[in-house]
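Below you'll find the structure, written out as structure tokens, and then a few comments.
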Amino acid sequence: MQLQNFKSEGATMSSLEISKITGKIHKNIMRDIKKLQSESFGSTLRFEPSSYTDVNNVTRDCFNLSKKETLLLMSGYNVQLRLSIINRWEELENTV
């Protein structure tokens, strides 16, 4: 999945891309995002619901995350996974 606009507020990374970069199962990424949502009541965090079509032509849920939300999500993962995501954000920012 490619870099997308987040309601005209900048770049995002999808939960599907995060899954591919980290090698984590997408449903686990979704679980982690939903946990962050439930723990951040009243904060300014925004996880944009979205969807994609999988290889079986089934529409599935995903989220689009800003850089801030992506880094918050990744802060709970190991160093190598965090580095992979940081490197990807650097790539995205250098292409915009």
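Below are the figures for this structure:
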| item | result |
| --- | --- |
| For the stretch 50-64, Karplus couplings with θ = phi - 60° (6.51, -1.76, 1.60), whole Hz, Gly/Pro x | 8, 8, 8, 9, 7, 5, 9, 6, 9, 7, 10, 6, 8, 10, 10 |
| Estimated D of the chain in µm² per second, where Rh is the Kirkwood radius over Cα pairs and Stokes-Einstein applies at 37 °C, 0.692 mPa s | 240 |
| Fraction of accessible area attributable to carbon and sulfur, the stretch 40-79 (%, probe 1.4 Å) | 54 |
| Label-point separation, S50 to K24 (7 Å along Cα→Cβ), nm | 1.7 |
| Whole-number accessible area per residue in Å² for the chain, which is evaluated in the context of all protein chains at 1.4 Å | 63 |
| Inter-probe distance in nm under a simple model that places probes 7 Å from Cα toward Cβ, at T59 and L71 | 3.4 |
| Placed amide H near S14: partners under 5 Å, 5+ positions off or other chain | L65 |
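The values are calculated or read from the model by the stated rules, or taken from the named source; none is laboratory data. Owing to the predicted nature of the structure, the values given are computational and were not obtained by experimental measurement. Backbone-built Cβ (ideal geometry, glycine too); neighbour counts: all protein chains shown. Each accessible area value is taken on the protein alone, full model and side chains, heavy atoms only, with ligands, DNA and RNA left out. Shrake-Rupley method; radii C 1.70, N 1.55, O 1.52, S 1.80 Å.
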